[in-house]
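Worksheet for the structure shown next.
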């Protein structure tokens, strides 16, 4: 299983999960020209996408959906409660492309996809696990806290993409953000701070996960150095050796990220 992030942040999100038989796009939050360009940079032909899976209806996750599905006619999987909101934004999606799910796992070719609800101020935000044979990748961004149920889904993953949105002090001190927006971001339906992310990563590392990518970093209330440092220090203080027995990477808003290859056998 190959996993590569195409974009991560408030201006657009997209991740590719590929096996020998399936290529899945998780979120479609870039304009179509930029999206096709970055896919090509990652060695992916947009026509080879087998399905698009949507986390939620916020524009940074579905901005390119209308144009992409109009051009390529790919099936789009989203929670039943989210579809009416997607259709308002992406009104040109052909009905034949719509795939509804609620809480049960479903397959796209050889990939078992398990949705799980996360706490975010959208209609119904989903995290996901993607499994093919012995390879398991999990994705959890846009959540205000990591619940016990969320952790249960993430456990056993070889690779986890997890949100590390903001540094708490930077957010509090940011003069450009009004108090109501700061409260929204810090709340239980907002976004994970670096500290919250670190706590989840330490727990997951303790259960055997060895590869992590930090996602959805704020361009105004965080820096890559801060996010990486907080999580790396938490791992070190818990007895892990970063880059020896736990591996930590970043995702980016303006460029593609690292390739991850997970053994399926």
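Assorted remarks:
- Inter-centroid distance (Cα atoms) of the range 80-148 relative to the range 4-47, Å: 16
- Where a label projected 7 Å from the Cα of residue 121 along Cα→Cβ would reach, residues of the range 59-87 with amide N under 20 Å: 59-63, 82, 85-86
- Helical mean residue ellipticity (222 nm; -39500 (n - 2.57) per DSSP H run of 4+; nearest 500) of the chain: -8000 deg cm²/dmol
- Full-extension gain in nm, residue 252 to residue 91, via 0.36 nm per residue minus C-alpha separation: 55.1 nm
- Taking a point 7 Å out from the Cα of residue 149 in the direction of its Cβ, none of the residues of the range 181-216 has a backbone N less than 13 Å from it.
- Each label point was placed 7 Å from the Cα along the Cα-to-Cβ direction; for residue 219 and residue 180 their separation is 2.4 nm.
- Beta bridges assigned by DSSP with both partners in the chain are antiparallel in approximately 50 percent of cases.
- Extension gain, residue 81 to residue 237: 0.36 nm times the residue separation minus the Cα-Cα distance gives 52.0 nm.
- Going through (i) 1.15; (ii) 1.08; (iii) 0.95, the figure that equals Cα Rg over 2.2 N^0.38 Å as computed for the structure here is (iii).
- Relative protection proxy for 30-39, 12-21, 55-64, from highest mean packing down: 55-64, 12-21, 30-39 (other beta-carbon atoms within 10 angstrom).
Here, each number is a calculation from the coordinates, and none is a lab measurement. Here the structure is a predicted model, which is why all the values come from computation and not from measurement. Glycine also receives a Cβ, built like all others from the backbone with ideal geometry; neighbour counts cover every protein chain displayed.
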